[in-house]
1. Using only the heavy atoms of the protein chains and a 1.4 Å probe, how would ARG116, ARG30, ARG247, ARG39 rank by accessible area, largest first?
2. Give the angle, between 0 and 90 degrees and rounded to the nearest 10, that separates the Cα long axis of helix 189-200 from the longest principal axis of the Cα atoms of the chain.
3. With a 1.4 Å probe and all protein chains kept in place, how do THR110, THR73 rank by accessible area, largest first?
4. With the full set of protein chains in place, find how many percent of the accessible area of the chain is carbon and sulfur; take the probe as 1.4 Å.
5. With every protein chain present, what is the per residue accessible area of the chain (1.4 Å probe, Å²)?
6. Note down the net charge around THR7, summing +1 for each Lys or Arg and -1 for each Asp or Glu among other residues with Cβ under 13 Å from its Cβ.
7. Give me the accessible area of LYS163, 1.4 Å probe, in Å² rounded to the nearest 10.
8. So how tilted is helix 239-250 from the main axis of the chain? Cα-based, degrees 0 to 90, rounded to 10.
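The values are calculated or read from the model by the stated rules, or taken from the named source; none is laboratory data. Since we're looking at a predicted model, the values are computed, not measured. Cβ atoms come from the backbone with ideal geometry, glycine included; neighbour counts cover every protein chain shown. What goes into the accessible areas is simple: the full protein's heavy atoms, side chains included, and nothing from ligands, DNA or RNA. Shrake-Rupley method; radii C 1.70, N 1.55, O 1.52, S 1.80 Å.
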Amino acid sequence: MKVAIETRGPVDEPYLKMHHQERLLGLTLRPGSMEIGVRRSSLRSITFDAGLMGLCPPQSEYWIGTSDMTHVTMTISDEALMAASDGAGSRIELRLERELVDPRLRALATAVDVERTAGFPSGGLFLDAIEQALARALVLGYAVRNYGVRVYRGGLSPARLRKIRELVQERMEEDLSLEEMARTVGLSTAHFSEVFRNTTGQTPHQCLLWYRVQRAKEMLRSAEMRVLDVAIACGFKTQQHFARVFRQMCGASPMEYRYQSLR
């Protein structure tokens, strides 16, 4: 999923024709307004409150006039939508929604924007999981025709779960993707995410963080490494993100944990 920030202010030309090649979901970050319409001769003014969303299918065209707004855009891939649908063999078509109010989509999009503001410290696995959740909600609520959404039951076999644990332990300092983890056990990303949670009670991203923190605890028991070096060695992009995750899981900061361990 691609994430971008877009600010539109007064333009030199009074009207602009927009053409989107990709499927975009937008979340308004601050109140603003825009003149918009399919035809230049029939624009209407829309006021966007912070949190209002819009959904633009690929190949959609429209005109905009005066505009003043800032929003974050998320590109949802065809692969994610097809993985979420039940046996759909072709591209999933979604409706055009200019003023979209959906608490679930808003919560997911807000999580993406918080991650963007922080510099994407959680890595690709976190965004992959959010994209899958967005895709499921979009297929169920905004598809042009009805599609089912697969519900996977059961869990991973012990052999497959062992493969995932070995992969995570070997490459936890890297930015693992959901696709890589699913491919390791020969499953689709949607199937893998569902059965992994059924098996472990965690999302793949939560599992990766747990292993990173366990390795960090081992390193912190030695006074030789700086906390920043421990964070980087365990796959955290910033010391601040490491400290936040560590406190959430352990109830103490990395320095507090080290002090308690070395007493």
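1. Working: ARG116 65, ARG30 90, ARG247 115, ARG39 145 Å².
Heavy-atom accessible area, descending, gives ARG39, ARG247, ARG30, ARG116.
2. Computed tilt is about 40 degrees.
3. Details: THR110 60, THR73 20 Å².
Ranked from most to least accessible, the order is THR110, THR73.
4. On the way: 6650 of 13650 Å².
After summing per-atom areas, the C and S share lands at 49 percent.
5. Value for the chain: 52 Å² per residue.
6. Numbers: positive: ARG8, ARG30; negative: GLU6, ASP68.
Local charge sum for THR7: 0.
7. Counting only protein heavy atoms, the figure is 110 Å².
8. Around 70 degrees separate the two axes.
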